[in-house]
Amino acid sequence: MIAFIQGTVASYGTDYIVVDHQGLGWQISYPHTDQVRLNQEIRVHTYMHITENDIALYGFASQEEKELFMRLISVKGLGPKTAMNMLAAAGYENIIGAVEAGNVAALKKMPGIGAKTASQIVLDLKGKLVAVPAARKTAAQPEYPEAVRDALDALKALGYKPSEVSSAAEVMVQTPDLSTQEYLRIGLKHLGRG
């Protein structure tokens, strides 16, 4: 089982990315292709799905998202492609919110989900997903030095998504005691606009 792949984004399409890991290109179905850039350093948590006619890699931005995907495909009649489309269209929090609220109508609006499957999702998963977001909350935002926080605010002001900003933060904190300007330069370089 391949737990994750780390490398650079070699190419991407509407629903997949190709990650170059040491000269080997891994094509991975991915729900957040709008958040990737060419040559961006990325770590993708993966699930390998093997059938008689196909081997496919499904990728996720976080371990929590992967765990939600695994719960979804455990529901009778819900395959990996449909689960992936749900994550791409609705996102992690919205899916959990709909399931925990028993909101069949919201689930039915997601691609590939009919009334029967929506009801089955609620029946199978309601009350079992609370642990998933809780794990996410315990990993509270670390307290960054002021110069890093200012640089992150600047990235947000430039229109970068929260996932991109937190990815830049991880790189910034590896070099202590820099100025806001230097941290901003590191962040922009990491996000491919250096």
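Points worth noting:
- Residue count for the range 20-42, restricted to those that are touching a helix residue (DSSP H, G or I) at 6+ places or on another chain (Cβ under 9 Å) and either among the β-branched types (Val, Ile, Thr) or part of a strand (DSSP E or B) (or both): 4
- Selection from the range 55-96 of residues that are touching a strand residue (DSSP E or B) at 6+ places or on another chain (Cβ under 8 Å), aliphatic (A, V, I, L, M) and not in a helix (DSSP H, G or I): 55, 56, 57, 61
- Pairs, first under 20 Å from residue 188 (Cβ atoms) and at pLDDT below 95 in the range 26-45, second surrounded by fewer than 19 Cβ atoms within 10 Å (Cβ to Cβ) and among the basic types (Lys, Arg), C-beta under 9 Å, six or more apart: 34/161; 35/161; 37/193
- Test: residue in the range 44-54 that is assigned to a loop (DSSP other than H, G, I, E, B) and at positive phi: no
- Selection count where residues are part of a helix (DSSP H, G or I), surrounded by 15 or more Cβ atoms within 10 Å (Cβ to Cβ) and of a type in the set (A, V, I, L, M), scope the range 153-191: 10
- Qualifying position, being modelled with pLDDT under 85 and either charged (D, E, K, R) or touching a Phe, Trp or Tyr at 6+ places or on another chain (Cβ under 6 Å) (or both), among 143, 93: 143
- For residue 120, the conditions (1) part of a helix (DSSP H, G or I); (2) under 23 Å from residue 29 (Cα atoms); (3) not basic (Lys, Arg) are fulfilled apart from (2).
The values are calculated or read from the model by the stated rules, or taken from the named source; none is laboratory data. Please read these numbers as outputs of a predicted model, since none were measured by experiment. In this analysis, Cβ positions are derived from the backbone assuming ideal geometry, glycine residues included, and neighbour counts consider all displayed protein chains.
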